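Remarks on the structure that follows.
Every number here is computed from the coordinates shown, using simple stated rules; none is lab data. The model shown is predicted, which means the values in this text are computed figures rather than measured ones. Virtual Cβ from ideal backbone geometry, glycine too; neighbours counted across all protein chains shown.
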Amino acid sequence: MSKPCTLFCRLTGSGPGALATTALWGDGAADVLNSCFHPKGKTTPGTMDLSAVLFGQLIDPEAPEETGEDVVVARTDETGFVIHGHGGAAAVARTARIFSQLGAEESDVERWRIHQNVSEENRKILAMLEQAPTYRTASILLDQYNGAGRRTQERIAQLRADGKDAQAQELEKRFYETKAIARHLLSPWRVVFSGRPNVGKSSLLNAILGFQRSIVNAQQGTTRDLVQAQTTIDGWLFEFVDAAGIRETADELEREGVNRAKNAIAKADLVVRLFDDADSMTTIERARTIESFRVDVPTIDVMNKCDLVATPQTDESVLRVSAVDGAGIETLLQAIVQTLVPNPPRPGEGVWLE
Ligand SMILES: Nc1nc2c(ncn2[C@@H]2O[C@H](COP(=O)(O)OP(=O)(O)OP(=O)(O)O)[C@@H](O)[C@H]2O)c(=O)[nH]1
Ligand SMILES: [Mg+2]
């Protein structure tokens, strides 16, 4: 007779924690537990009810003289258990060693979810959820795990079946819109600063991040390579890219920097076009026509160094900021969020995960 298949895996994240949870499942799971788990009462893992919990000690059958580990065992289904124990690395390793000695094989969380009959779609969402960078992105994913996206699709189908085509189309349009949001739940929105040398692109990046990530200097052409940094704003993940100021130059190194800047702009989700106190409205308008090839990506025009200007020379189509004293930066960040995510998903709303 072949040995019953038993698998186990750690469910809590790697690294030490207060508690660690290990799943154990398969035809031989109850036998494995019966061999190493000593419950406080009379009930054993093999006889416990579904969803019941047992308190007791995990003792290594090959070293019964060693002190046991206090654990709580819960039964999740006919052949599945979760074991909650101390989260220290030694305790986790010991649990794994005991299960392996008893013939269980180390597996992964994906197979545990298959055992738990989690659908392929929800397994994908759970894998994303583990990577969610913010509370906001995690709660959107949790809504999808709870069926928000599926319900939206069902609602669209129902509206069509009822002949309510206009409503169906409207809902479908909105659902389609959420695709861009879904794409940026785990990967950041890329915002690139463009502008001629010395307008303060690096200073602005540093002011947004709150630390000196990029080198700032009065000399033109300071930034050559791309300087990228991630941060979150309003619960969304952003990557800000500081690049070389764009200009014609004979300096070979700087020319490579300018090429990299142009490539970064081409891959951006949004470009912040930066000007400074030396630029008039006429200069800015001219730049807008020159850069009109960028129409496929939203742009925000910003005049930096407003601390040096007593009377603003620009109209309200240009945001005014100062990377030195921080004026206008909060408004700029809000404008960036508003441009990229004008209609964030409402709680419980379906988003289109690809
Ligand atoms: N007064 C004032 N000076 C600023 C401001 N922002 C930047 N500067 C100064 O402007 C100069 C150029 O700043 P950078 O941030 O290096 O400019 P950049 O656009 O990154 O320049 P390149 O890397 O050469 O393209 C530095 O001397 C900064 O201190 C500001 O808001 N106000
Ligand atoms: Mg720079």
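In the chain, the DSSP-assigned H stretches of four residues or longer account for a calculated mean residue ellipticity at 222 nm of -11500 deg cm²/dmol, using -39500 (n - 2.57) per stretch and the full residue count as denominator. What angle, in degrees between 0 and 90 and rounded to the nearest 10, separates the Cα long axis of helix 329-340 from the longest principal axis of the Cα atoms of the chain? That helix lies at roughly 70 degrees to the long axis.
The mean sequence separation of alpha-carbon pairs under 8 Å and at least six residues apart, normalised by the residue count of segment 120-180, gives a relative contact order of 22 percent.
Taking a quarter of the surface of the Cα convex hull of the chain gives a mean projected area of 27.2 nm². Where the centre of each part is set by its Cα atoms, how far does segment 113-186 sit from segment 224-240, in angstrom? Between the Cα centre of segment 113-186 and that of segment 224-240, the gap is 26 Å. Residues I208, I233, I215, arranged from fewest to most other Cβ atoms within 10 angstrom of their Cβ, appear as I215, I233, I208.
I want the antiparallel fraction of DSSP beta bridges within the chain, as a percent rounded to 5. The partial results should precede the final answer.
On the way: 33 of 51 bridges.
Restricted to the chain, the bridges split so that about 65 percent are antiparallel.
With everything on Cα atoms, drop me the angle between helix 281-290 and the longest principal axis of the chain, reported from 0 to 90° to the nearest 10. Computed tilt is about 60 degrees.
Along segment 255-268 the Karplus relation, 6.51 cos²θ - 1.76 cosθ + 1.60 evaluated at θ = phi - 60°, assigns HN-Hα couplings of 4, 4, x, 5, 4, 5, 4, 5, 5, 5, 4, 5, 9, 6 Hz to successive residues, with x for each Gly and Pro. In a reduced charge model with +1 at each Lys and Arg Cβ and -1 at each Asp and Glu Cβ, the chain shows a dipole moment near 460 debye about its Cα centre.
Of all aspartates and glutamates in the structure, those lying under 18 Å Cα to Cα from K262, and not within fewer than 8 positions of it along the same chain, are D225, E239, D242, E248, D251, E252, E254, E291, D296, D301. Checking every one of the GluC sites (Glu not before Pro) in segment 1-89 against DSSP loop status and a limit of 15 other Cβ atoms within 10 Å picks out E62, E65, E66, E78.
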